[in-house]
Amino acid sequence: MNSSCAAGTMILSSRPKSFVLAGMLALALSFVGLTARAAEGEMSKESTACLSCHDKQGLTKTLDSGEVLSLSISTTAYTESMHKKADCEDCHSNLDSKTHGKVKSAIKSKREFTLGMRESCRDCHKKKATEYDDSVHAALIKAGNKKAPLCSDCHNPHTVRSTKIVTPIAETPCAKCHEAIFKAYSKDVHGHERIAKGISAPLCAGCHQAHAVKAASMGEGVKDACLACHKEAVNQHKDWLPNTARHFDAISCPVCHAPDAKRRVNLRLYDSTAKRQVAEKTGVPKFENRADAGDSKAMGLDERALWSLLKEFNQDGGDGKMLLRGRLEVSSGVEAHQLAEKSKAIKDCDTCHRQGAAAFQSVTLTIAGPDGRPLRHGVQNEVLNSLTSMESVRGFYAIGSTRIKLLDYLLVLVVFGALSVPLAHMTVKRLFKGVREKLEAERLAAAQDANKQASTGNRHDDDASK
Ligand code: HEC
Ligand code: HEC
Ligand code: HEC
Ligand code: HEC
Ligand code: HEC
Ligand code: HEC
Ligand code: HEC
Ligand code: HEC
Ligand code: HEC
């Protein structure tokens, strides 16, 4: 510690706060030169006093964890920041003025210190704080994940500049924690556009929001963000993609726009009455238990496991509302950020609409976990052809061979009945033979139509999709 701080501690001891601050001020004035004070024009006396000790290179404190916490705050950076009019004590209200700087305080680790300061922004930024409370990051913090970001991980409170200033993309606060995704993003269409032209293309927060960040593959938030910028996209796809709305519901945008990505089917547990994905109730990890049991065979959940899971969720007040809905996704977060220019996008219907298409060989099942992120489990890909996954199969009925709308009727049976799977299978086969044949004929006609429409596209896009 240097001499000015030592002197300061003497003044600090055992006096009411205002006197302490006056003391600090006097101290500050005596130690800080004239030029520095001019720059501090807008700062309060109290803050100036704090800085008389803290604007020192090399002022540090060793924490219990062995980490070294730098205590230097630059007056210049502070007076140039958006917080120049805030007092240090607006945020640091918990310092004990009697002992501060004199008695060593015990701090476990850097992270504990940051966590301890986490409520300091709320009073002045209520709206952002409320948005943040609703985020996956806040849920992670609540659940005890110390790596998730707090306000001050994304905004340095002592140097914060206007967020309207356009900075290089590498300065997005998301980059330091989601490094692999950032790397992918910086090379994709939006990253390139952003580097070349600045603000028009989205950075991370442009698609995910900065504060109310939600788990990406749950809900429709990201898709809505895409379509909010690409207002013409639905119409542009309609020119060649039949039933575009259905495709957009069942396929996440990167599936076609990240041409090199691996794809998979994700079965999402869905409440058909509330029309939203189901979340695991906190403290009732039904899904996890069941799925772990299924996983223990290391082959993924099979048809029966899926079926009994659904049944269990429905018995538990679900009243037959719980369904599984299929959605095509890319298989990793990195791949979701490898969007290519439009000429490379998947246009070939055959990529998906053929027997054994690669995307349908890998299947997962997800439900929203307590922090809002999806809990994922492997599923045997045969379930796509099976009875149990009827709702997802209905979704994918145009794909492959004999999967048809008949499965809508099956749904009723399995959800309400306590029928065993094989029994349901036989009964239904008999019951709906006629319906099935009719639908099959319709399906073939539709597929032929579709192929005709698509053939131009196929030729046009052959290179890109290989
Ligand atoms: C807008 C709120 C806010 C204001 C104003 C503020 N601080 Fe901080 N300060 C914080 C937060 C939050 C942390 C914890 C940040 C972290 O751990 O990265 C912190 C950390 C610190 C630290 C520990 C070192 C560090 O950088 O983590 C010191 C020293 C400090 N502040 C001093 C000051 C002084 C001196 C002032 C006035 C000139 C001031 N602070 C003004 C919010 C504020
Ligand atoms: C007399 C010099 C002095 C003054 C004035 C001073 N500090 Fe400190 N400050 C220190 C020293 C020394 C430490 C390290 C204490 C330790 O090792 O435990 C410290 C530590 C801190 C820390 C780290 C957390 C902690 O509790 O140890 C923060 C934050 C901080 N000061 C903020 C402030 C603020 C805000 C003010 C003005 C209200 C202020 N300081 C005034 C000397 C000072
Ligand atoms: C005492 C009130 C106060 C507290 C506490 C406070 N801020 Fe601020 N903050 C302000 C003011 C005032 C501005 C300037 C607003 C303006 O001019 O638009 C500001 C601006 C900001 C900006 C820049 C906004 C922009 O327009 O780009 C960010 C980011 C920010 N604060 C983050 C934080 C964080 C993080 C914390 C907690 C560590 C915090 N603030 C605590 C008062 C406060
Ligand atoms: C995960 C990173 C992250 C976290 C955590 C975060 N922010 Fe932000 N914040 C951003 C980004 C990025 C922006 C830039 C503007 C945008 O895209 O919305 C921003 C913008 C702001 C702004 C300026 C908004 C405006 O529209 O003028 C304020 C104020 C702010 N944040 C305060 C906070 C507060 C308070 C917290 C904690 C409750 C917080 N931020 C947590 C990343 C974050
Ligand atoms: C153009 C819009 C867009 C931008 C920009 C964007 N993302 Fe994403 N992000 C997505 C999409 C789409 C997904 C996958 C959602 C899905 O499954 O449907 C995703 C998924 C994610 C995921 C979840 C990955 C997982 O394992 O499931 C994270 C984390 C993420 N993004 C972080 C970021 C970060 C950090 C940045 C900035 C470097 C960023 N994103 C930029 C659209 C975007
Ligand atoms: C301090 C580190 C940190 C920062 C900064 C940060 N994140 Fe996160 N984020 C995490 C952690 C930890 C998780 C949970 C583990 C995971 O899913 O990767 C997470 C999860 C996510 C998820 C949910 C992943 C999923 O499964 O869908 C998204 C989306 C996300 N972050 C986006 C962002 C965006 C956008 C930013 C910047 C505005 C950002 N993050 C900044 C640490 C961070
Ligand atoms: C079935 C595959 C597929 C899906 C799903 C898909 N796209 Fe496309 N998209 C394409 C193809 C192929 C093109 C190029 C069409 C052309 O050039 O004629 C394209 C073109 C675009 C373009 C450029 C439009 C133009 O003409 O300038 C945008 C923007 C776009 N898509 C956004 C999206 C968004 C957002 C989503 C998700 C809501 C999405 N796409 C889903 C295949 C798809
Ligand atoms: C903040 C607005 C914004 C958001 C959000 C956004 N984009 Fe873009 N996107 C742009 C801009 C700007 C460009 C570059 C100019 C252009 O080609 O339209 C672009 C380019 C593209 C292209 C390349 C088009 C071409 O001509 O080759 C595709 C494909 C695309 N975006 C898809 C998406 C998808 C998918 C999402 C969501 C996951 C998304 N965009 C979200 C603004 C946005
Ligand atoms: C990336 C995979 C993919 C590509 C490429 C694709 N589709 Fe599809 N298609 C699907 C999926 C998944 C569904 C199931 C949608 C649902 O009903 O849930 C579907 C559904 C359909 C349907 C039935 C829609 C309805 O009314 O329910 C038709 C018809 C169709 N696709 C035709 C085409 C044609 C023609 C092309 C090429 C121009 C094409 N698809 C390209 C995946 C794809």
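Anything in region 56-76 that is open to solvent by 30 Å² or more (accessible area, probe 1.4 Å) and closer than 15 Å to residue 157 by Cα? List them, or say none. Answer for region 56-76, where residues must be open to solvent by 30 Å² or more (accessible area, probe 1.4 Å) and closer than 15 Å to residue 157 by Cα: 70, 71, 72, 73, 74, 76. Screening 208, 192 for residues that are outside the structural domain of residue 335 (by TED's automatic domain parsing), out of contact with any Cys (no Cβ under 7 Å at 6 or more places or on another chain), closer than 22 Å to residue 130 by Cα and within 15 Å of ligand 8 (Cβ to nearest atom) leaves exactly one candidate, 208. I need a count of the residues in region 114-133 that are more than 15 Å from residue 153 (Cβ to Cβ) and among the aliphatic types (A, V, I, L, M). Adding up the residues that qualify gives 0.
Checking each residue in region 250-277 for being assigned to a loop (DSSP other than H, G, I, E, B) and either within 19 Å of the chain's Cα centre (by Cα) or modelled with pLDDT of 85 or more (or both) picks out 252, 258, 259, 260, 261, 262. Can you tell me which residue in region 315-332 is nearest to residue 203 (Cα to Cα), limited to those that are under 25 Å from the mean Cα position of the chain (by Cα) and open to solvent by 40 Å² or more (accessible area, probe 1.4 Å)? Ranking the qualifying residues of region 315-332, first place goes to 332.
One residue is enough: does region 222-230 have a residue meeting the conditions within 16 Å of ligand 3 (Cβ to nearest atom) and closer than 22 Å to residue 168 by Cα? No, region 222-230 contains no residue that is within 16 Å of ligand 3 (Cβ to nearest atom) and closer than 22 Å to residue 168 by Cα.
Only one of the numbered conditions (1) touching a residue at least 12 places away in the same chain (Cβ under 8 Å); (2) within 24 Å of residue 154 (Cα to Cα) is violated by residue 171, and that is (1).
Filtering region 106-140 to residues that are in contact (Cβ under 8 Å) with a residue 24 or more places away in the chain and β-branched (Val, Ile, Thr) leaves 107, 114, 136. Going by the conditions given, is residue 142 basic (Lys, Arg) and either within 16 Å of ligand 7 (Cβ to nearest atom) or modelled with pLDDT of 95 or more (or both)? Considered against the rule, which asks whether it is basic (Lys, Arg) and either within 16 Å of ligand 7 (Cβ to nearest atom) or modelled with pLDDT of 95 or more (or both), residue 142 comes out as no. Which residues, counting only those in region 163-178, are part of a helix (DSSP H, G or I) and within 16 Å of ligand 1 (Cβ to nearest atom)? The answer is 173, 176. Of the listed requirements (1) under 30 Å from residue 343 (Cα atoms); (2) modelled with pLDDT of 95 or more, residue 159 misses just one: (1).
Among the candidates 146, 164, 110, the residue that is within 16 Å of ligand 8 (Cβ to nearest atom) and farther than 21 Å from residue 221 by Cβ is uniquely 164.
From the list 312, 280, the one residue that fits, being of a type in the set (Asp, Glu), farther than 18 Å from residue 339 by Cβ, modelled with pLDDT under 80 and over 25 Å from the mean Cα position of the chain (by Cα), is 312. Determine if region 139-146 includes at least one residue that is away from ligand 5 (no atom under 15 Å from the Cβ) and of a type in the set (S, T, N, Q). Within region 139-146 (the criterion being away from ligand 5 (no atom under 15 Å from the Cβ) and of a type in the set (S, T, N, Q)), the answer is no, since none of the residues qualifies. For the criterion of being under 25 Å from residue 375 (Cα atoms) and either of a type in the set (Val, Ile, Thr) or assigned to a helix (DSSP H, G or I) (or both), residue 107 fails.
Here is a yes/no grid of residues against (1) within 9 Å of ligand 6 (Cβ to nearest atom); (2) part of a loop (DSSP other than H, G, I, E, B); (3) of a type outside the set (A, V, I, L, M, F, W, C); (4) surrounded by 20 or more Cβ atoms within 10 Å (Cβ to Cβ):
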site: 132; (1), (2), (3), (4): no, no, yes, yes
site: 144; (1), (2), (3), (4): no, yes, yes, no
site: 161; (1), (2), (3), (4): no, yes, yes, no
site: 180; (1), (2), (3), (4): no, no, no, no
site: 183; (1), (2), (3), (4): no, no, yes, no
site: 194; (1), (2), (3), (4): no, no, yes, yes
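Within region 241-267, the set of residues being open to solvent by 40 Å² or more (accessible area, probe 1.4 Å) and within 16 Å of ligand 6 (Cβ to nearest atom) comprises 253 only.
The values are calculated or read from the model by the stated rules, or taken from the named source; none is laboratory data. Since the model is a prediction, treat every value here as computed from it, not as a measurement. All Cβ positions, glycine included, derive from the backbone under ideal geometry; neighbour counts span all protein chains shown. Note: accessible area is taken over every heavy atom of the protein model, side chains too, but ligands, DNA and RNA are not part of it. Shrake-Rupley method; radii C 1.70, N 1.55, O 1.52, S 1.80 Å.
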